[in-house]
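**Student:** Quick one: this structure, given as structure tokens, is what I'll be asking you about.
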Amino acid sequence: MSPKNIEFLRLTYLRGPNIWTYRSVMEALIDIGELEDYPSNLLPGFNERLKAWLPLMIEHHCTPGVRGGFFQRLDTGTWAGHILEHVSLELQTLAGMPMAFGKAREAGPRGVYKVVIRTDNETVGRRSLELSRELILAAIHDTPFDVPAAVAQLALTVDTLHVGPSTYSIVEAAYARRVPFIRLNVGNLVQLGHGVKQRRIWTAETDRTSAIGEGISRDKDLTKKLLAMCGVPIPEGQVVDSPAAAWIAAQEIGLPVCVKPSNGNRARGVSLDLSTQNEIETAYDIALAQGRDVIVERYVRGSEHRLLVVGDRMIAACRGEGASVTGDGQHTVRELVELQINSDPRRGSVGNLPLELVVLADNSPEVLELARQGLTIDSVPALGQSVLVKRTGNMTTDITDVVHPDVAAQAVLAARVVGLDIAGVDVVTPDICQPLGTQGVVVEVNAGPSLLMHLNPAEGQPRLVGQAIADHLVPPSETGRIPVVGLMGDGDTTKSAKLIAWLLHLQGLFTGLACAEGLFANQRCLFKGNAMDFEQAERLLINRSVEAAVFESDARHLLTQGLAYDRCQVGIVTQMPKAAPLEDLYPGPDEKMPSYIRTQIDLVLPSGYAVLNAADEAVADLAQFCDGGVIFFAPDESNERLMAHHQEGGRVGFWRDGQLILAEGTHEQSVLSLQRPGVSRLLKNNLLSTHDMLVAACAAWAMGMDADLIRAGVKSYGQTPSV
């Protein structure tokens with residue numbers, strides 16, 4: 001290794017809950033070599049260069065717990081691994097994917113560290129670490145580094161691979177309520193909940209969004225007809241098939257008029273307040289370029305408004321404003337647009353900022369608007385001359401709190417008439433604080449509306465629209481969860497997992513099982529082989545038929561992939577694994593293993609149970625990390641840890657004189673007898689051991705199964721072969 005270098009030994013993406021945190025992280029195993037002898041305060045000029053390149057890291061609190069805490073650590077001296085952690089998180093934040101969690105820990109050998117950063121995407125996390133390494137080395141060796149270019153490169157990756165802000169707001173709102181989620185593609189298709197309890201979103205569309213309703217919303221003329229039938233005020237209009245027909249229709253309707261495509265969106269191709277034949281015929285060609293048909297309709301004076309309807313409520317509303325420039329006698333309209341409009345930091349590419357860039361393209365409504373003022377894009381307006389460039393598509397200001405109840409009710413009715421559970425309803429009215437009456441109209445109902453204008457308005461208060469959609473799909477009284485059982489041990493859990501899945505199956509639940517022998521759904525084998533891998537196991541949670549799931553895992557999968565589920569109803573640890581088989585992962589001594597395996601118990605829901613082997617002291621000690629109840633099991637009732645738990649009123653399971661006993665307080669129930677032929681058969685044929693039966697019985701008890709069903713299930717196990 002060259003002097004003062006940082007070498008990546010391995011990069012591991014932990015997709016599920018892991019030894020570091022509940023959410024996905026990138027773990028980098030690095031070797032800092034000679035830099036182990038050079039903390040930051042011993043690197044000449046390094047701290048100054050790093051602070052100058054990334055000044056916003058002043059916000060990193062770090063260990064001191066105060067603003068500027070990380071900079072304090074730099075000044076007093078910290079090591080390259082810790083610096084890599086903070087720089088990587090900062091680059092992700094600057095690129096538009098803010099992440100706050102990171103760790104840097106010695107891995108054992110001198111100079112070798114594990115650096116962990118939160119990231120929602122493997123490619124983004126990997127690239128942020130690589131760019132951070134390059135930046136840090138440039139600061140160490142006093143060589144140039146283009147920070148804006150690096151951030152722009154990473155931002156492009158984020159824009160391409162990360163979910164959009166609308167989807168992100170829904171997902172984060174669901175996560176805040178502990179509703180699990182799974183991203184189903186590289187786009188914005190996300191599942192909320194698991195198995196049979198799941199719902200799906202695609203940006204602001206859901207699995208409740210009617211395909212017919214979406215089709216109706218794209219046909220603006222049909223939408224207006226249906227709205228009119230139900231008493232929603234609309235502007236009268238006609239579908240036309242030529243510029244000449246557009247002019248004829250405009251005269252019949254009454255000037256001024258609006259000309260727009262019948263199936264456009266985001267106000268593209270829409271021309272307003274048209275009164276002359278030339279304007280209307282030109283607007284026809286502009287609209288036709290954006291849609292299948294062209295509509296001419298009565299122009300209603302007033303401001304544009306977008307009302308967001310979710311379910312049976314109006315959740316948020318924004319008002320639109322035109323975009324204008326002021327002449328200076330020197331610059332063209334095109335130049336003024338760049339100087340006075342597009343330079344606004346609130347404007348940018350669609351989906352990232354509250355306002356879009358104004359593009360002066362040929363054959364566009366903007367060019368027509370200029371022509372109506374006797375200008376072109378190359379005209380030089382006089383000093384002080386105001387030039388209207390864009391009338392539509394600028395939803396700038398939140399006005400949710402002042403919308404009249406009648407207007408909100410009309411918007412909800414419009415969404416319902418079209419058949420949309422989530423809709424953007426466009427209203428034109430001079431005063432949104434008054435009923436629509438004869439002064440205002442509903443002009444469009446849009447499926448899959450943008451949420452950004454409500455999440456990040458140019459002016460006014462942001463609205464919790466993501467939370468409203470999450471609550472619409474998964475009501476606050478529900479969790480979107482199915483019963484999940486997770487097992488971990490030291491290679492002794494496969495038979496126990498299969499028996500638990502069998503018991504749940506007999507209870508009438510469509511049960512999924514991911515274990516070392518394969519992937520099973522309702523006792524049918526879907527995949528033969530080790531299904532503890534994350535991608536195989538996650539298939540159970542995506543399956544819309546699965547009502548309960550059992551997951552076997554081990555220390556290696558935990559350390560290299562994370563767990564496929566975020567929480568469990570029952571978490572089982574049967575035996576504490578040893579560190580020796582994991583030496584390639586730098587786990588440390590055996591004494592460190594409980595700090596890893598506790599992840600299985602950390603995931604137990606408050607309403608659930610940890611099932612722990614009282615005969616293994618390290619396993620029994622994990623009880624302290626459980627948010628729910630604890631069931632101890634042991635081969636016999638004389639185990640001291642089990643006896644103490646029982647005396648305190650806790651649940652325990654054990655064998656006594658050939659009887660499997662489940663006990664709580666003074667109540668005991670005998671579940672199985674080794675003398676029964678069915679049980680003897682299982683033991684004789686090595687299908688199960690007494691250990692497997694005990695573990696499964698405790699797990700089933702934790703799931704609310706009664707003793708009779710447990711007894712019948714164990715005795716019948718193995719009689720019906722899996723397909």
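**Student:** So, residue 232, is that one touching a residue at least 40 places away in the same chain (Cβ under 8 Å) and assigned to a strand (DSSP E or B) or not?
**Tutor:** Details: touching a residue at least 40 places away in the same chain (Cβ under 8 Å): yes; assigned to a strand (DSSP E or B): no.
In short, no.
**Student:** Looking for whichever is over 24 Å from the mean Cα position of the chain (by Cα), surrounded by fewer than 16 Cβ atoms within 10 Å (Cβ to Cβ) and either under 30 Å from residue 564 (Cα atoms) or without any contact (Cβ under 8 Å) to a residue 40 or more places away in the chain (or both) here; the options are 58, 30. Which one fits?
**Tutor:** After applying the criteria, what remains is 58.
**Student:** Something else about it: Can you work out which of the residues in region 369-399 that are assigned to a strand (DSSP E or B) and of a type in the set (Ser, Thr, Tyr) is nearest to residue 342 (Cα to Cα)? Spell out the reasoning first.
**Tutor:** Going through region 369-399, the residues assigned to a strand (DSSP E or B) turn out to be 386-390, 395-398.
Narrowing further to those that are of a type in the set (Ser, Thr, Tyr): 386, 396-397.
Working: 386: 17, 396: 14, 397: 18 Å.
Per the criteria, the residue is 396.
**Student:** Just give me the residues in region 327-343 being in a helix (DSSP H, G or I), under 14 Å from residue 382 (Cα atoms) and in contact with a Ser or Thr (Cβ under 8 Å, 6 or more places away or on another chain), in sequence order.
**Tutor:** 333, 336
**Student:** State the number of residues belonging to region 67-116 that are outside any helix (DSSP H, G or I) and polar (S, T, N, Q).
**Tutor:** Final tally of qualifying residues: 1.
**Student:** Answer yes or no: is there a residue in region 710-722 that is assigned by TED's automatic domain parsing to the domain that holds residue 550, in a helix (DSSP H, G or I) and within 25 Å of residue 596 (Cα to Cα).
**Tutor:** Taking every residue of region 710-722 in turn, none turns out to be assigned by TED's automatic domain parsing to the domain that holds residue 550, in a helix (DSSP H, G or I) and within 25 Å of residue 596 (Cα to Cα).
**Student:** Further question: What single numbered condition from (1) surrounded by 14 or more Cβ atoms within 10 Å (Cβ to Cβ); (2) farther than 23 Å from residue 501 by Cα fails to hold for residue 672?
**Tutor:** Against the list (1) surrounded by 14 or more Cβ atoms within 10 Å (Cβ to Cβ); (2) farther than 23 Å from residue 501 by Cα, residue 672 comes up short only on (2).
**Student:** Output the helices (runs of 4 or more DSSP H) that fall wholly within region 431-522 and possess 1 or more residues being among the aromatic types (Phe, Trp, Tyr), or say none.
**Tutor:** Passing ranges, in order: 494-506.
**Student:** Just the residues that are within 33 Å of the chain's Cα centre (by Cα) and charged (D, E, K, R), please, taken from region 1-27.
**Tutor:** Once the filter is applied, which keeps residues that are within 33 Å of the chain's Cα centre (by Cα) and charged (D, E, K, R), region 1-27 yields 7, 10, 15, 23, 27.
**Student:** Could you count how many residues in region 33-55 are of a type in the set (A, V, I, L, M) and surrounded by 16 or more Cβ atoms within 10 Å (Cβ to Cβ)?
**Tutor:** Number satisfying all stated conditions: 4.
**Student:** Filter region 405-430 down to the residues that are in a loop (DSSP other than H, G, I, E, B) and in contact with a strand residue (DSSP E or B) (Cβ under 9 Å, 6 or more places away or on another chain), then identify the one that is surrounded by the fewest Cβ atoms within 10 Å (Cβ to Cβ).
**Tutor:** 430
**Student:** Also, quick follow-up: Scan region 534-551 and report the pairs whose first residue is among the polar types (S, T, N, Q) and surrounded by 17 or more Cβ atoms within 10 Å (Cβ to Cβ) and whose second residue is assigned to a helix (DSSP H, G or I) and at pLDDT 95 or above, with Cβ atoms within less than 7 Å and a gap of 6+ or a chain change.
**Tutor:** Note: pairs meeting the criteria are 543/195.
**Student:** If you go through region 227-242, how many residues are surrounded by 14 or more Cβ atoms within 10 Å (Cβ to Cβ) and out of contact with any strand residue (DSSP E or B) (no Cβ under 9 Å at 6 or more places or on another chain)?
**Tutor:** Number satisfying all stated conditions: 1.
**Student:** Filter region 603-622 down to the residues that are in a helix (DSSP H, G or I) and surrounded by fewer than 19 Cβ atoms within 10 Å (Cβ to Cβ) and list them by number.
**Tutor:** Hits for region 603-622 are 617, 618, 621.
**Student:** Looking at residue 625, is it surrounded by fewer than 24 Cβ atoms within 10 Å (Cβ to Cβ) and in contact with a helix residue (DSSP H, G or I) (Cβ under 9 Å, 6 or more places away or on another chain)?
**Tutor:** Values: surrounded by fewer than 24 Cβ atoms within 10 Å (Cβ to Cβ): yes; in contact with a helix residue (DSSP H, G or I) (Cβ under 9 Å, 6 or more places away or on another chain): yes.
Here the answer is yes, as residue 625 does meet what is asked.
**Student:** Among the numbered criteria (1) under 30 Å from residue 451 (Cβ atoms); (2) loosely packed, with under 15 Cβ neighbours inside 10 Å; (3) without any contact (Cβ under 8 Å) to a residue 12 or more places away in the chain, which single criterion is violated by residue 344?
**Tutor:** All conditions pass for residue 344, except number (2).
**Student:** Same structure again: Evaluate the following for residue 110: is it in contact with a Gly (Cβ under 9 Å, 6 or more places away or on another chain) and farther than 30 Å from residue 167 by Cβ?
**Tutor:** The answer is no for residue 110.
**Student:** Within region 186-229, track down each residue that is among the small types (Gly, Ala, Ser), part of a helix (DSSP H, G or I) and within 18 Å of residue 421 (Cα to Cα).
**Tutor:** 211, 213, 215, 217
**Student:** Residue 239 versus (1) touching a residue at least 40 places away in the same chain (Cβ under 8 Å); (2) closer than 30 Å to residue 466 by Cβ; (3) among the aliphatic types (A, V, I, L, M): which is the lone unmet condition?
**Tutor:** Going through the list (1) touching a residue at least 40 places away in the same chain (Cβ under 8 Å); (2) closer than 30 Å to residue 466 by Cβ; (3) among the aliphatic types (A, V, I, L, M), residue 239 breaks only (2).
**Student:** Quick test for you: out of 595, 607, pick the one residue that is small (Gly, Ala, Ser), out of contact with any Lys or Arg (no Cβ under 8 Å at 6 or more places or on another chain) and farther than 30 Å from residue 31 by Cβ. Please lay out each step first, then the result.
**Tutor:** Working: 595 fails: farther than 30 Å from residue 31 by Cβ.
Of 595, 607, the one residue that is small (Gly, Ala, Ser), out of contact with any Lys or Arg (no Cβ under 8 Å at 6 or more places or on another chain) and farther than 30 Å from residue 31 by Cβ is 607.
**Student:** Out of region 248-263, which residues are of a type in the set (Val, Ile, Thr) and over 30 Å from residue 213 (Cβ atoms)?
**Tutor:** Answer for region 248-263, where residues must be of a type in the set (Val, Ile, Thr) and over 30 Å from residue 213 (Cβ atoms): just 248.
The values are calculated or read from the model by the stated rules, or taken from the named source; none is laboratory data. Not measured: the values here are computed from a predicted model. Note that we place each Cβ from the backbone using ideal geometry, even for glycine, and neighbour counts take in every protein chain shown.
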